[in-house]
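Trainee: Got a structure here, written out as structure tokens. Questions coming.
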Amino acid sequence: MFPLKDENPSSSFPYVNTALIVVNLAVFIITLLNGTFESTIEAYGMRPVEVLAGKRLETLFISLFLHGGVLHILGNMLYLYIFGDNVEDALGHGKYLAFYLGTGIIASLIHALSDPVSDIPTIGASGAISGVLGAYLVLYPRARVYTAVGIYLFWRIIMIPAIFFLGFWFLLQLLSASVTWLTGISEGVAYWAHIGGFIVGALLILPTRAKLRKRRKSSHYLYDGF
């Protein structure tokens, strides 16, 4: 099951969201073509044991723009493309950039705290995008998401309200993290970054939701004076 698009047009062009997608893709392609893909990940991946010791803190930022493979980056950029424009529309361009980077960094720190002695480099925009997903769920729970659902060899496209699509996504992260914790078998996925980013994004967007609701209510009482 994966999303194709949402039925939720934005009122402004998502300059920042588009730029983030372009930068992520550019970094991936450039490092792949010039032969520095592996060395870049080794040099700039976020290592929990280092960051929690106060070392190489710049990797909290740089690692957000590194990805481990084609499926990794395409999956992340698809989610960012579908859900990011509406969150940017609600926050405004500058605040959205701060929101994206802030949730990404916090999500990386949450992952670091979940495995503080790990020396494995952690990369990807998943934590920041999880924050965007959490914000989208809070702002637009009823927005419908066109979703491709596969049953054996057959695929159908159905429309699922965001509250169910993103709620299921979040539940899947919780279940995966629990299985990893109970079995001790790592899948190479920073599930706690996803969980933490989602929750942080949902909490940080609450003031914006309150402002939008207040604005909508006030518009119901406008009159022409006659």
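Trainee: Please go through segment 36-68 and pick out each residue that is among the hydrophobic types (A, V, I, L, M, F, W, C) and either within 18 Å of the chain's Cα centre (by Cα) or farther than 22 Å from residue 100 by Cα (or both).
Mentor: 37, 43, 46, 49, 53, 60, 61, 62, 64, 65, 66
Trainee: Can you tell me which condition residue 117 does not meet? The list is (1) in contact (Cβ under 8 Å) with a residue 60 or more places away in the chain; (2) among the β-branched types (Val, Ile, Thr); (3) assigned to a helix (DSSP H, G or I), and all the others hold.
Mentor: (3)
Trainee: Might you check whether a residue that is more than 12 Å from the chain's Cα centre (by Cα), closer than 27 Å to residue 164 by Cβ and small (Gly, Ala, Ser) occurs anywhere in segment 132-144?
Mentor: yes
Trainee: Suppose we filter 169, 155, 181 for residues that are within 27 Å of residue 69 (Cβ to Cβ) and not in a helix (DSSP H, G or I); which single one remains?
Mentor: The unique qualifying residue is 155.
Trainee: Quick one: would you say residue 193 is touching a Phe, Trp or Tyr at 6+ places or on another chain (Cβ under 6 Å) and either modelled with pLDDT under 80 or among the hydrophobic types (A, V, I, L, M, F, W, C) (or both)?
Mentor: No: the conditions fail for residue 193.
Trainee: A further question follows. What tally of residues in segment 128-152 results from selecting those that are in a helix (DSSP H, G or I) and either of a type in the set (S, T, N, Q) or touching a His at 6+ places or on another chain (Cβ under 7 Å) (or both)?
Mentor: The qualifying residues number 1.
Matching residues to (1) in contact with a helix residue (DSSP H, G or I) (Cβ under 6 Å, 6 or more places away or on another chain); (2) within 18 Å of residue 16 (Cβ to Cβ):
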| residue | (1), (2) |
| --- | --- |
| 38 | no, no |
| 79 | yes, yes |
| 82 | no, yes |
| 90 | yes, yes |
| 102 | no, yes |
| 105 | yes, yes |
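Trainee: Only one of these is surrounded by 23 or more Cβ atoms within 10 Å (Cβ to Cβ) and of a type outside the set (A, V, I, L, M): 72, 93, 67. Name it.
Mentor: 67
Trainee: A follow-up question, please. Under 7 Å by Cβ, and 6 or more places apart or on different chains, what pairs join a residue from segment 8-30 that is more than 17 Å from residue 98 (Cβ to Cβ) with one that is among the basic types (Lys, Arg) and loosely packed, with under 13 Cβ neighbours inside 10 Å?
Mentor: Every condition considered, no pair remains.
Trainee: Consider residue 109 against the criteria (1) of a type in the set (A, V, I, L, M, F, W, C); (2) farther than 24 Å from residue 199 by Cβ; (3) surrounded by fewer than 21 Cβ atoms within 10 Å (Cβ to Cβ): it satisfies all of them except one. Which criterion is unmet?
Mentor: (2)
The values are calculated or read from the model by the stated rules, or taken from the named source; none is laboratory data. Predicted model only: the values in this text are computed from it and were never measured. As a convention, Cβ positions derive from the backbone with ideal geometry for all residues, glycine included, and neighbour counts pool all protein chains shown.
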